[in-house]
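Inspection log for the structure reproduced underneath, given as structure tokens.
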Amino acid sequence: MKKPSLESLGLYERTPKICIPLMAKDLAGLSLQLLENRTLPGDLYEWRLDRYEGDIELGLGIYKRAVSLPLLCTLRTKGQGGEIELDPPEYLRRVRELIELSEHFQLIDIELCAGDSAVRELTEAAHERGLLAVVSQHDFADTPPGEEMLRTLVHMKDLGADLPKLAVMPKNPLDVFSLMSASFEAYALLGPVITMSMGEIGRLSRAAGSFTGSCITFGAGARASAPGQLGAAELRQVLDILGRGL
Ligand SMILES: O=C1C[C@@](O)(C(=O)O)C[C@@H](O)[C@@H]1O
């Protein structure tokens, strides 16, 4: 696959792309999940490396042989909903190492909580290697005020994000509308973003990207990677219905 861009990955299209998370612990699990997912309507995969304990290069080789879809590599730390505890220098080192393997994938997740200078360093390194940088932030407790969510997405872009990504937890439907509205405002200012309101109440936001400018939505394959995720096949149906005639 040649150097990816938002255009070449279809991320300016009206209907969001479905990203299926791979949550395997080892090489055998990775092969199995890819096999189980092969009939699902995913547009790209996310490999959640915080769960994985095997050799990463071998895993990337297996991925490339099994599918030709773009791959987002994510090392999700505990505080952000992942399974690995890393102090900031260790996180920086691990993501830098991943970026070195850039020839095998297209997008890399960089957590905003790593701190501005680390994020800037990592987005620059990702760009030098031809990767698209997704800068992400998760709030599992709350939905911040709309202006704050918009500010966060703008700040991510300023730090070099190609795709700013924000996931928040709603307490009621108004919180979901607030996230969707902040997403649309960010899209109008910055171009495509990735946003979601998590949990059961937030599901609407995962299907609403055609209206909110959220260009990627995570749909579960063998295993969900966050609360409230719809299955990839269900998501395809809902997106197709909502996108009809747009
Ligand atoms: O950042 C995200 C979004 C996500 O948390 C979600 O809510 O769908 C799922 C994660 O796997 C991914 O890294």
Within the range 71-102, considering residues that are in contact with a Gly (Cβ under 9 Å, 6 or more places away or on another chain) and outside any helix (DSSP H, G or I), the one farthest from the ligand (Cβ to nearest atom) | Glu85
Is at least one residue of the range 181-193 of a type in the set (A, V, I, L, M) and in contact with a Phe, Trp or Tyr (Cβ under 8 Å, 6 or more places away or on another chain)?
-> yes
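Look at Arg65 and say whether it is more than 17 Å from the chain's Cα centre (by Cα) and open to solvent by 10 Å² or more (accessible area, probe 1.4 Å).
yes
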Hits in the range 209-229 (condition: out of contact with any strand residue (DSSP E or B) (no Cβ under 7 Å at 6 or more places or on another chain) and among the hydrophobic types (A, V, I, L, M, F, W, C)) | Phe211, Ala222, Ala224
Would you point out which residue out of Ala126, Ala118 is over 17 Å from the mean Cα position of the chain (by Cα) and more than 19 Å from Phe218 (Cβ to Cβ)?
-> Ala118
Is it fair to say Ala126 is touching a helix residue (DSSP H, G or I) at 6+ places or on another chain (Cβ under 7 Å), closer than 17 Å to Cys73 by Cα and either away from the ligand (no atom under 13 Å from the Cβ) or among the charged types (D, E, K, R) (or both)?
-> yes
Report yes if some residue within the range 214-228 is modelled with pLDDT of 95 or more and open to solvent by 20 Å² or more (accessible area, probe 1.4 Å); otherwise report no.
-> no
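Of all residues in the range 164-199, count the ones that are outside any loop (DSSP other than H, G, I, E, B) and within 11 Å of the ligand (Cβ to nearest atom).
Qualifying residue count for the region: 8.
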Reported set for the range 200-235 where residues are part of a loop (DSSP other than H, G, I, E, B), within 12 Å of the ligand (Cβ to nearest atom) and of a type in the set (A, V, I, L, M) is Ala224, Ala226, Leu230
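Tell me which residues, restricted to the range 110-135, are touching a residue at least 60 places away in the same chain (Cβ under 8 Å) and either among the charged types (D, E, K, R) or in a helix (DSSP H, G or I) (or both).
Those that are touching a residue at least 60 places away in the same chain (Cβ under 8 Å) and either among the charged types (D, E, K, R) or in a helix (DSSP H, G or I) (or both): none in the range 110-135.
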Matching residues in the range 71-91 (open to solvent by 20 Å² or more (accessible area, probe 1.4 Å) and either touching a strand residue (DSSP E or B) at 6+ places or on another chain (Cβ under 6 Å) or under 22 Å from Ile194 (Cβ atoms) (or both)) number 6
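Yes/no per residue for (1) open to solvent by 70 Å² or more (accessible area, probe 1.4 Å); (2) closer than 16 Å to Thr195 by Cα; (3) of a type in the set (Ser, Thr, Tyr); (4) out of contact with any Asp or Glu (no Cβ under 8 Å at 6 or more places or on another chain):
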site	(1), (2), (3), (4)
Leu98	no, no, no, yes
Leu101	no, no, no, no
Cys113	yes, no, no, yes
Leu122	no, no, no, yes
Gly130	no, no, no, yes
Ser136	no, yes, yes, no
Asp139	no, yes, no, yes
Among the listed residues Gly209, Gly191, which satisfies the condition of being open to solvent by less than 50 Å² (accessible area, probe 1.4 Å) and within 21 Å of Phe140 (Cα to Cα)?
-> Gly209
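The values are calculated or read from the model by the stated rules, or taken from the named source; none is laboratory data. Remember, predicted model here, so these are calculated numbers, not experimental data. So basically every Cβ, Gly included, is an ideal-geometry build from the backbone, and we count neighbours across all protein chains shown. These area figures cover heavy atoms from the full protein model, side chains too; ligands, DNA and RNA do not enter into them. Shrake-Rupley method; radii C 1.70, N 1.55, O 1.52, S 1.80 Å.
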